[in-house]
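Asks: This structure is in structure tokens; I'll ask about it shortly.
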Amino acid sequence: MSKNPESVSLCPLNSAAATEPEPLCIFGTGDLGRSLGQRLLQSGYRVVYGSRKPHSCGPLPPGTQAMSHSAAAQSAALVFICIHREHYNFLETLAPQLQGKVLVDVSNNLKKNLYPEANAEYLQRLVPGAHVVKAFNTLSAWTLQNGPSDANRQVYLCGNSAEAKQAVAETATKLGFTVLDRGSLCAARELEDFPLQLFPEWRLPLRIAVGLTAFFYFYLLIRIVIYTYVQKGDDISFRIMVSLANKVFPIVSLIMLSLCYLPGVIAAFLQLYRGTKYRRFPDWLDRWMLCRKQLGLLALAFAFLHVLYTLIIPQRYYVRNRIAGSTILLIKENKTSAFDSALAWRSDSFLSTGILGFGLYVLLGITSLPSVSNALSWREFSFVQSKLGYLTLFFCTLHTYLYGWNKFLKPTSYPWYTLPGYLLCLIVPTVVLVLKFLLLLPCMDRSLTRIRQGWDRTNKVDDGEKSLLA
Amino acid sequence: MSKNPESVSLCPLNSAAATEPEPLCIFGTGDLGRSLGQRLLQSGYRVVYGSRKPHSCGPLPPGTQAMSHSAAAQSAALVFICIHREHYNFLETLAPQLQGKVLVDVSNNLKKNLYPEANAEYLQRLVPGAHVVKAFNTLSAWTLQNGPSDANRQVYLCGNSAEAKQAVAETATKLGFTVLDRGSLCAARELEDFPLQLFPEWRLPLRIAVGLTAFFYFYLLIRIVIYTYVQKGDDISFRIMVSLANKVFPIVSLIMLSLCYLPGVIAAFLQLYRGTKYRRFPDWLDRWMLCRKQLGLLALAFAFLHVLYTLIIPQRYYVRNRIAGSTILLIKENKTSAFDSALAWRSDSFLSTGILGFGLYVLLGITSLPSVSNALSWREFSFVQSKLGYLTLFFCTLHTYLYGWNKFLKPTSYPWYTLPGYLLCLIVPTVVLVLKFLLLLPCMDRSLTRIRQGWDRTNKVDDGEKSLLA
Amino acid sequence: MSKNPESVSLCPLNSAAATEPEPLCIFGTGDLGRSLGQRLLQSGYRVVYGSRKPHSCGPLPPGTQAMSHSAAAQSAALVFICIHREHYNFLETLAPQLQGKVLVDVSNNLKKNLYPEANAEYLQRLVPGAHVVKAFNTLSAWTLQNGPSDANRQVYLCGNSAEAKQAVAETATKLGFTVLDRGSLCAARELEDFPLQLFPEWRLPLRIAVGLTAFFYFYLLIRIVIYTYVQKGDDISFRIMVSLANKVFPIVSLIMLSLCYLPGVIAAFLQLYRGTKYRRFPDWLDRWMLCRKQLGLLALAFAFLHVLYTLIIPQRYYVRNRIAGSTILLIKENKTSAFDSALAWRSDSFLSTGILGFGLYVLLGITSLPSVSNALSWREFSFVQSKLGYLTLFFCTLHTYLYGWNKFLKPTSYPWYTLPGYLLCLIVPTVVLVLKFLLLLPCMDRSLTRIRQGWDRTNKVDDGEKSLLA
């Protein structure tokens, strides 16, 4: 809401007239210390800096004061530690002055796992008598200087003392942020790792996507462009830009969509085989299941590109030229264009299943937006992602089968004895759909439901207090 | 943020070293009790189970202990009740031991309205001396076992004691969830119904959509496919896949879009007729108004399919064949293709209004995403949904009129004396637009504004304290 | 979740039986007072009205009571002030009765900056002994009467007393709202301005978009339609609807996308020139930088329209007619359609860069949805918006260059000595890309990084406590 960031700066004047503003202390006069000090000043606080050399610490925001660390610490109940972790050790000597104070650790490291413990936990160990709160470290320096903006409204904090967290939360609220309490200080490492991460859960899916794309691009390049050049001497390299892309993208999309549903099916068979749900899945399966959402969204992105590439087909120079050519040929041979009803059925079914599959796919994408999925109950979410998800997979697989139709019968479909791309990409989705169909058979379904409700083939559960499933 | 679910499990070790962890009690050793216990253990709590047969209750998470119910209850201040409601009655006998304890009711029922009162209220009645808090029941068992995931971060809770809710909220926060307080225990029924619901507010709109789609499909099937077969003997059944779908989807979309705006117009006329806004609307109108958003989103989905079906038209075998055929015919008859400027105007206007209408429509869809509409002020939201909404309806209606143009003059448009689909679907939107136009006339608008500001034709309001409108 | 608004109304009966409900007082019996009273009643409160004429104040919700202001104030700890600000002055005389009470100011003004101080601050000045809380004013009257709905779940509040805010927050929670604390009472003005605003941050971008669209529409109208009419006497005015729109929309989109990235580049050069990041940017640059998101989203909207207009090209009567005409011409002149491989390369590259640019563009749009950007760390957000943003700009600019290709060499491209639209629109993006390329040169990049880490060419920073960057 604070769309006008200046509005806050008017307040200190009024409140200053009424009561003396609360003093806050900042250790460290570096960039972050100065930015934070300026922002706190604008929100009506009095700011005191603690510095090793209070008289030569460079330019500070006007209206603030620099003192020695111990003098500064004594003047305020809340101390922001804007110092690199490497220089924390001197704080140990200040322990008496920091006794009972709230220390706000805003630091981040340059890399993950650089130190055995989180910076905030290290700080707590150095000054055991103080209440350390980890906060503000997930914000950018720009945000700390200029106040909350669209993507930077949330301040995460954690600490062992509820009162200390409350005090920091109030300051953050006054600065215009929304506070999210993340529990005790042992969450500090998680908060410190957060700003360092760059889409960690997207890495594996992205690698799969890039790998599949590269493989199929080269595969089809050889099958189509190079084969034609070698065998017929025609240079059709221009096809790289659109024709090849529009073969690779749907192939990758379908494979990745089915990779979304494969781990669930494998997990179900594993549970059936083991006869219990209380044994952990192998690690690779756990990791795979955790990135299903990302696999699905990447598959949707490829499907989206496929749709766009398909829709611009009639505008390609090559296509217009070929259509004109075939019309001219018909005329020259004095034929009329004969209409084949079966061909019309096939063409329209092919297009129709594709459209319906893509429509469902977009629906799946929309429900995976955080704000939409938060509004759904668990039953609704699993209905959409599972039932509609399999329907999407079914439509898209059918679309691909209709694309192939009887092409696989023609010998020209196998240049250099290679399989066409669409046949290769049908393997995984077909396997997933067949396995899922097996799981839906009454006998399988009944066993699986019992296992998922806590039934155990080896241990008989006490039947007096029946298992309760949420 | 907790993208790495393992990170939490490291904490208990550290904190265990420092202080004895807080003990929590779980009644019930079924599936849910075991899952919850495991999760609590991982977050650093000590867990004690209460069971009828403490020595034969099946496998429990390692590190936990099973005792009799009364012994377990005495060891902790917080007791999770993981028992089916049908077995609650024995808790009455434990009332003395549970006096002053916080009881967390996590149960759900298999159906709505199975019992006259909510499970949590029943529990409170059984143990009046305890503080019952309803919580965690909206999460899936998978989430309770594995910790919060994307769509399952929020824990709703309600209860009559603020302190008891605070205690449960702290536990939930430690487990990594975000807590949403839903008020006193009388909200328990709502929380218990939540996991059972499957898109309740989408049912009526979905039924309307399915009904309209089925009706128009059969209507057009008869008018187009069967009529052609009966009268001319041509089999054009392949048209079912694309041509018919692309007639039915826009028809249903336009009707549903106008059904979004019809109740608002009816309500306005009802208020004008009654001369007051303080009388309730009839129930059917209330229900209709509550599902406008869903009607609109379904209409958008149909519009989206219509756009896709339209865009692939040039790629249909049937269309390519027909275009080639008409070119060949022109050549054979030695004609050039004469250009008709009026036809170009009509074709381009038809396409242009469709595109602009769809563009606005997508904008309406985006602003109805929860996170976007939350960021809007009420004035902004109503501007988009009302002003832009009517503009969308106007563009889409105009698009349909331009589609029809002068087709309705031709006798061939009325096979078997039936009206074309586009004429049928124009009725509702035209009525809505005309009524809305009437409401915008100054005399109508003035009366309506007065009524909506609290003016009452029958009761004169005290003018000293003028009505205050937010 | 409260999808069934009636569910709440059942509760008062139960809880009324148990304990006497808490009384609340409402000053003012106007529309808002009555709506609010009804809603409070339904949530289980007892409501007392304070009125100047308690016996003739019009219809009140059944079950409530009207008294004099002072009698009503004494009966409750919480008083809602549902009176226009103009009538506040009488409250000064009630100061003794209101001593220590919580006053909830729900008022809004008709215009911004109508009064020197916020209504709530004025109220606090009139009754210094009371605890004024600003709340509920951002909701619509409909929401206050009918309970929270989709877009109206959040209640913002602010005030100087934490206990008073807590009391109001509890009432709001009981009414089913989510509470967001916005700090002390000096945030009241911001809350009062919120319901009055109508997309303030969208105004400048919208004006730029409308201005650019109007300019290019008239420019191309003259260059294409009027020039053809004057020089050749042909009426091609039908082109206004699609051809012209599909030239103007991409032009405006590309210019606005580059205007998104221009201020960042200017800011970087300004920092390099000044040698410090501690001097404020000029006001115009600040304002420009604050509306980059809106510029980008509008550009995306134009790009979306451009895509739709492009995709329906093959269905235009004009295009079909022209294609048929050219085929017929080929036949008549007894030519075959010669295939030009270079032309195929150009056409396919042109289409392909456009599709990839648009795909990235949509990705940028999705990550700027509030719920998505909130889930990203700052590093992830800046990666997407900066790295992917420049890639998008690069693809879209390349797409436009490929569109132009060698057209600029033909004299017919310059009717009346005017430049083609695509050449005009390439100026800004080319400048942005060239400047950005300069900034990426190692020497420039190194200086800029140092400056952004707090280095100052004029002031040497204390090196003992190195600058700490979040």
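The values are calculated or read from the model by the stated rules, or taken from the named source; none is laboratory data. Just so you know, these numbers come straight off a predicted model, no measurement behind them. Positions of Cβ are backbone-derived with ideal geometry, glycine not excepted, and every protein chain shown enters the neighbour counts. To get the accessible areas, we keep the full protein, side chains included, count just its heavy atoms, and leave off ligands, DNA and RNA. Shrake-Rupley method; radii C 1.70, N 1.55, O 1.52, S 1.80 Å.
Asks: Specify which of the listed residues (B:SER184, B:SER149, B:SER161) is modelled with pLDDT under 80, within 14 Å of chain C (Cβ to nearest Cβ) and over 27 Å from B:LEU60 (Cα atoms).
Replies: Residue meeting the stated conditions: B:SER184.
Asks: Does any residue in the range A:261-275 that is touching a residue at least 12 places away in the same chain (Cβ under 8 Å) and closer than 16 Å to A:LYS293 by Cα come within less than 6 Å, Cβ to Cβ, of a residue that is open to solvent by 30 Å² or more (accessible area, probe 1.4 Å) and not acidic (Asp, Glu) six or more places away or on a different chain, and which pairs are these?
Replies: A:PRO263/A:TRP288; A:PRO263/A:MET289; A:VAL265/A:LEU435; A:VAL265/A:LYS436
Asks: Also, I was wondering about something else. Would you check which residues across the range A:341-360 are out of contact with any Gly (no Cβ under 9 Å at 6 or more places or on another chain) and in contact (Cβ under 8 Å) with a residue 24 or more places away in the chain and list them?
Replies: Passing the criteria: A:ARG346, A:SER349, A:PHE350, A:THR353, A:GLY354, A:LEU356, A:GLY357, A:PHE358.
Asks: Right, another one. Test A:ASN374 against the criterion of being assigned by TED's automatic domain parsing to the domain that holds A:LEU300, surrounded by fewer than 20 Cβ atoms within 10 Å (Cβ to Cβ), touching a strand residue (DSSP E or B) at 6+ places or on another chain (Cβ under 7 Å) and not aliphatic (A, V, I, L, M), and give yes or no.
Replies: So A:ASN374 passes the test.
Asks: Would you mind stating whether C:LEU393 is modelled with pLDDT of 85 or more, in contact with a Gly (Cβ under 9 Å, 6 or more places away or on another chain) and assigned by TED's automatic domain parsing to the domain that holds C:VAL431?
Replies: yes
Asks: I'm checking my understanding of the structure. Among residues of the range C:18-71 that are at the interface with another protein chain (Cβ under 10 Å from one of its Cβ atoms) and among the aliphatic types (A, V, I, L, M), which one is farthest from the chain's Cα centre (by Cα)?
Replies: C:ALA18
Asks: With the condition being under 22 Å from C:ASP348 (Cα atoms) and of a type in the set (A, V, I, L, M), I'd like the helices (runs of 4 or more DSSP H) fully within the range C:375-460 carrying at least 2 qualifying residues.
Replies: Because the criterion is at least 2 residues that are under 22 Å from C:ASP348 (Cα atoms) and of a type in the set (A, V, I, L, M), the helices (runs of 4 or more DSSP H) in the range C:375-460 that meet it are C:389-404.
Table: residues versus (1) basic (Lys, Arg); (2) in contact with a Phe, Trp or Tyr (Cβ under 6 Å, 6 or more places away or on another chain); (3) under 30 Å from C:LEU440 (Cα atoms).
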residue	(1), (2), (3)
C:TYR317	no, no, no
C:ARG320	yes, no, no
C:ILE328	no, no, no
C:THR367	no, no, yes
C:ARG379	yes, no, yes
C:LYS387	yes, no, yes
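Asks: Of everything in the range C:382-427, what is without any contact (Cβ under 8 Å) to a residue 12 or more places away in the chain and within 20 Å of C:PHE216 (Cα to Cα)? Give them in sequence order.
Replies: C:THR412, C:SER413, C:TYR414, C:TYR417, C:LEU419, C:ILE427
Asks: Restricting attention to the range C:249-257, does a residue exist that is surrounded by fewer than 21 Cβ atoms within 10 Å (Cβ to Cβ) and within 14 Å of another protein chain (Cβ to nearest Cβ)?
Replies: no
Asks: Let me ask another. With the condition kept exactly as written, say whether any residue in the range A:407-419 is away from chain B (no Cβ under 12 Å), surrounded by 15 or more Cβ atoms within 10 Å (Cβ to Cβ) and at pLDDT 90 or above.
Replies: Looking through the range A:407-419, none of the residues is away from chain B (no Cβ under 12 Å), surrounded by 15 or more Cβ atoms within 10 Å (Cβ to Cβ) and at pLDDT 90 or above.
Asks: Could you list, in sequence order, all residues of the range A:225-242 that are under 21 Å from A:TYR414 (Cβ atoms) and buried (at least 20 other Cβ atoms within 10 Å of the Cβ)?
Replies: A:ARG239
Asks: For the range B:40-50, check the following and say yes or no: at least one residue is over 17 Å from B:LEU175 (Cα atoms), open to solvent by 20 Å² or more (accessible area, probe 1.4 Å) and modelled with pLDDT of 85 or more.
Replies: No, every residue in the range B:40-50 fails to be over 17 Å from B:LEU175 (Cα atoms), open to solvent by 20 Å² or more (accessible area, probe 1.4 Å) and modelled with pLDDT of 85 or more.
Asks: Continuing with this model, one more query. From the list A:LEU330, A:LEU356, A:LEU398, which residue is crowded, with 18+ Cβ neighbours inside 10 Å, modelled with pLDDT of 95 or more and either more than 29 Å from A:VAL225 (Cα to Cα) or not assigned by TED's automatic domain parsing to the domain that holds A:ILE224 (or both)?
Replies: That would be A:LEU356, the only listed residue that is crowded, with 18+ Cβ neighbours inside 10 Å, modelled with pLDDT of 95 or more and either more than 29 Å from A:VAL225 (Cα to Cα) or not assigned by TED's automatic domain parsing to the domain that holds A:ILE224 (or both).
Asks: Quick one: A:SER243 ticks every box in (1) under 23 Å from A:LEU423 (Cα atoms); (2) more than 19 Å from the chain's Cα centre (by Cα); (3) assigned to a helix (DSSP H, G or I) except a single one, so which number is it?
Replies: Condition not satisfied by A:SER243: (3).
Asks: Just name the residue that is nearest to the other protein chains (Cβ to nearest Cβ) out of those in the range C:187-212 that are touching a residue at least 40 places away in the same chain (Cβ under 8 Å) and more than 22 Å from B:PHE381 (Cα to Cα).
Replies: Going through the qualifying residues, I end up with C:ALA187.
Asks: While we're here: Of the residues B:ALA164, B:ALA188, which is buried (at least 18 other Cβ atoms within 10 Å of the Cβ) and in contact with a His (Cβ under 9 Å, 6 or more places away or on another chain)?
Replies: B:ALA164
Asks: If you check A:LEU103, A:LEU123, A:LEU144, A:LEU114, which single one turns out to be modelled with pLDDT under 90 and open to solvent by less than 50 Å² (accessible area, probe 1.4 Å)?
Replies: After applying the criteria, what remains is A:LEU144.
Asks: For the range A:213-235, does any single residue satisfy the condition of being more than 30 Å from A:LEU351 (Cβ to Cβ) and in contact (Cβ under 8 Å) with a residue 60 or more places away in the chain?
Replies: yes
Asks: Also: Please determine whether any residue of the range A:168-179 is of a type in the set (Phe, Trp, Tyr) and either open to solvent by 40 Å² or more (accessible area, probe 1.4 Å) or facing another protein chain (nearest Cβ under 8 Å) (or both).
Replies: So far as the range A:168-179 goes, no, none of its residues is of a type in the set (Phe, Trp, Tyr) and either open to solvent by 40 Å² or more (accessible area, probe 1.4 Å) or facing another protein chain (nearest Cβ under 8 Å) (or both).
Asks: Mind checking which residues of the range C:333-353 are open to solvent by 60 Å² or more (accessible area, probe 1.4 Å) and touching a Leu at 6+ places or on another chain (Cβ under 8 Å)?
Replies: Selection gives C:THR336 alone.
Asks: Here's something else I'd like to know. Would you mind listing the helices (runs of 4 or more DSSP H) fully within the range B:261-373 where at least 1 residues are out of contact with any Lys or Arg (no Cβ under 6 Å at 6 or more places or on another chain) and more than 11 Å from chain A (Cβ to nearest Cβ)?
Replies: Helices (runs of 4 or more DSSP H) meeting the threshold: B:283-290, B:292-311, B:341-367.
Asks: Let me ask another. On the given criteria, is B:ARG316 modelled with pLDDT under 95 and within 30 Å of C:PRO59 (Cβ to Cβ)?
Replies: no
Asks: Next question, about the same structure. I'd like to check something: does the range B:383-392 contain any residue that is open to solvent by 40 Å² or more (accessible area, probe 1.4 Å), in contact with a helix residue (DSSP H, G or I) (Cβ under 8 Å, 6 or more places away or on another chain) and aliphatic (A, V, I, L, M)?
Replies: Looking for residues that are open to solvent by 40 Å² or more (accessible area, probe 1.4 Å), in contact with a helix residue (DSSP H, G or I) (Cβ under 8 Å, 6 or more places away or on another chain) and aliphatic (A, V, I, L, M), one finds at least one in the range B:383-392, hence yes.
Asks: I'd like the full set of residues that are under 24 Å from A:GLY30 (Cβ atoms) and either open to solvent by 70 Å² or more (accessible area, probe 1.4 Å) or touching a residue at least 24 places away in the same chain (Cβ under 8 Å) (or both), limited to the range C:276-289.
Replies: If the condition is that a residue be under 24 Å from A:GLY30 (Cβ atoms) and either open to solvent by 70 Å² or more (accessible area, probe 1.4 Å) or touching a residue at least 24 places away in the same chain (Cβ under 8 Å) (or both), then C:THR276, C:LYS277, C:TYR278, C:ARG279, C:ARG280 are the ones that fit.
Asks: Considering only residues of the range C:124-137 that are within 14 Å of chain B (Cβ to nearest Cβ) and in contact with a strand residue (DSSP E or B) (Cβ under 7 Å, 6 or more places away or on another chain), which is nearest to C:SER161 (Cα to Cα)?
Replies: C:LYS134
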